[in-house]
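Presented below is the structure to which this report refers.
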Amino acid sequence: TTLVLGVTNLDNLVKGGRLSRVSGLISSFLNIKVILQLQNGELKALRKGRGMKTINNFIAETIAKTAKLSNIKSVGISTAGAKELGEDIGRRIAEVLPSVPILVRPTDPVIATHT
């Protein structure tokens, strides 16, 4: 199981103490988006960039890599305030992995904040 998060708003990372207020303010001002992965109980930044193109480019690259794998049993996509983006990602994955079940669901705000 792999957990990857696309963070479009860093407010909860600041509130949770994972990011300083100064870094959060600067990131918000510069429209910074972050891709994180949970590894061994720690969040690791995979990519940082300005604007949604950071997330969209990462998604496209990940889908291209995923298409080459044969051991994927299922894909789950959870969204918090980005339903359309989650559904778009689900459609894009289904195009390259048509026989893999894909579940797209909203995430409870409490779960999203703790994640």
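So the values come out like this:
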item: Residue match in the stretch 100-112 (condition: farther than 12 Å from Gly6 by Cα, without any contact (Cβ under 8 Å) to a residue 40 or more places away in the chain, among the aliphatic types (A, V, I, L, M) and in a helix (DSSP H, G or I)); result: yes
item: Condition met for Ile111 (open to solvent by less than 80 Å² (accessible area, probe 1.4 Å) and either closer than 22 Å to Asp11 by Cβ or at pLDDT 90 or above (or both)); result: no
item: Condition met for Lys65 (of a type in the set (Lys, Arg), modelled with pLDDT under 85 and surrounded by fewer than 16 Cβ atoms within 10 Å (Cβ to Cβ)); result: yes
item: Candidates Gly41, Gly76, Gly86, filtered to the one that is open to solvent by 30 Å² or more (accessible area, probe 1.4 Å) and within 21 Å of Arg105 (Cβ to Cβ); result: Gly76
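The values are calculated or read from the model by the stated rules, or taken from the named source; none is laboratory data. Keep in mind it's a predicted model, so treat the numbers as computed, not measured. Heads up, the Cβs are rebuilt from the backbone with ideal geometry, glycines too, and the neighbour counts pull from every protein chain shown. What goes into the accessible areas is simple: the full protein's heavy atoms, side chains included, and nothing from ligands, DNA or RNA. Shrake-Rupley method; radii C 1.70, N 1.55, O 1.52, S 1.80 Å.
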